[in-house]
């Protein structure tokens, strides 16, 4: 069975967080599908059997694609539409797996080319327009609402990545058995084409050693790794850390990720709070270096202040065996509870208290970390993910057989 995957984001680029596309494609290949992946020009090729990567022009002069909606992405999506048409004309695809906004044009092309359509819904796109402060236009947001609802009603299968999206989708899909909640919880290492896993791991180790050479071994690392967008609550975390240092002087804050301008703003805020010598803003590092920072942490953080999608890093944190401090918002509580994490209100004093509890209470550290790993193994492990995707493909294969007796 031949499958076309369309990914409107850089692939593969950890900065663009396309892990869900990588893991979906990896498992589809393992299930015996022949996969063509249409994506942006930006990114690195990966080693996946039965995968052909097709890229639109890079347009490097226009800069790199940022997380979230942007005018650059709208421009690049025009080329994805053209390439989609060419591929559908030249090839006979039984299934088109459309990620995010790619479903908009695939939904209208489906009756012409008669393929089975999977809508991989990573987020509510109208919600993204407001979360990333892209627009306040009611007209544009209304158009996206209409497109999203139309695609949910007409797709042959819908994948959502968290319970909140699942509830929203289930109100609109015609047949509930065609909805699949498949969280982004596979943790396999990404295999880049022409690269050595051992060499990349060694480079990540060296990157971390270089950035932390000045730190005393007695420091207890409190690590945040992710984007530094406003909704991530890094300003609250920085305001919280002076309170942490009063109770745990050996604590040390490490923030991994963010653009140069975002990192500069965080450093300025930290300096104004008297945190010089007590924090490190590493900026963007390699995927292996980020994982190494996490592995060496005494506490892992997810400090998001708004949103409904569960962050990908939460599943890695559950499996890590390291205590997790996360804000008590719906984005987290869909997965996390007080039994498996230190949940706190999104304000500086509550966050500081949670970090201190996670650093100082040895019994609670061990109990919650153990329960977190058990939760991951029972509900989010790789075999659970694979089985859900297998059932989806079987459903579409049965559709094909029944429509062609």
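Descriptive notes on the structure:
To keep it simple, each residue is scored yes or no on (1) at pLDDT below 95; (2) over 24 Å from residue 359 (Cα atoms); (3) surrounded by 19 or more Cβ atoms within 10 Å (Cβ to Cβ); (4) touching a strand residue (DSSP E or B) at 6+ places or on another chain (Cβ under 7 Å).
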position	(1), (2), (3), (4)
218	yes, no, no, no
231	yes, yes, no, no
242	no, no, no, no
249	no, no, no, no
259	yes, yes, no, no
280	no, no, yes, yes
285	yes, yes, yes, yes
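- For the range 298-321, the set of residues classified as closer than 22 Å to residue 240 by Cβ and surrounded by fewer than 21 Cβ atoms within 10 Å (Cβ to Cβ) consists of 298, 305, 306, 307, 320, listed by residue number.
- Looking only at the range 210-229, and only at residues there that are under 18 Å from the mean Cα position of the chain (by Cα) and in contact (Cβ under 8 Å) with a residue 60 or more places away in the chain, the one that is farthest from residue 264 (Cα to Cα): 223
- Residue match in the range 70-92 (condition: in contact with a strand residue (DSSP E or B) (Cβ under 8 Å, 6 or more places away or on another chain), in contact (Cβ under 8 Å) with a residue 12 or more places away in the chain and either assigned to a loop (DSSP other than H, G, I, E, B) or not assigned by TED's automatic domain parsing to the domain that holds residue 7 (or both)): yes
- Test for residue 309: is it part of a loop (DSSP other than H, G, I, E, B) and touching a residue at least 40 places away in the same chain (Cβ under 8 Å): yes
- Residue ID - surrounded by the most Cβ atoms within 10 Å (Cβ to Cβ), chosen from residues in the range 164-200 that are touching a strand residue (DSSP E or B) at 6+ places or on another chain (Cβ under 7 Å) and assigned to a helix (DSSP H, G or I): 169
- Residue in the range 133-153 that is surrounded by 14 or more Cβ atoms within 10 Å (Cβ to Cβ), part of a strand (DSSP E or B) and either in the same structural domain as residue 11 (by TED's automatic domain parsing) or without any contact (Cβ under 8 Å) to a residue 40 or more places away in the chain (or both) present: no
The values are calculated or read from the model by the stated rules, or taken from the named source; none is laboratory data. Treat the numbers as computed from the prediction; the structure is a model and nothing was measured. Here the Cβ is made from the backbone with ideal geometry for all residues, glycine too, and neighbour counts use every protein chain on show.
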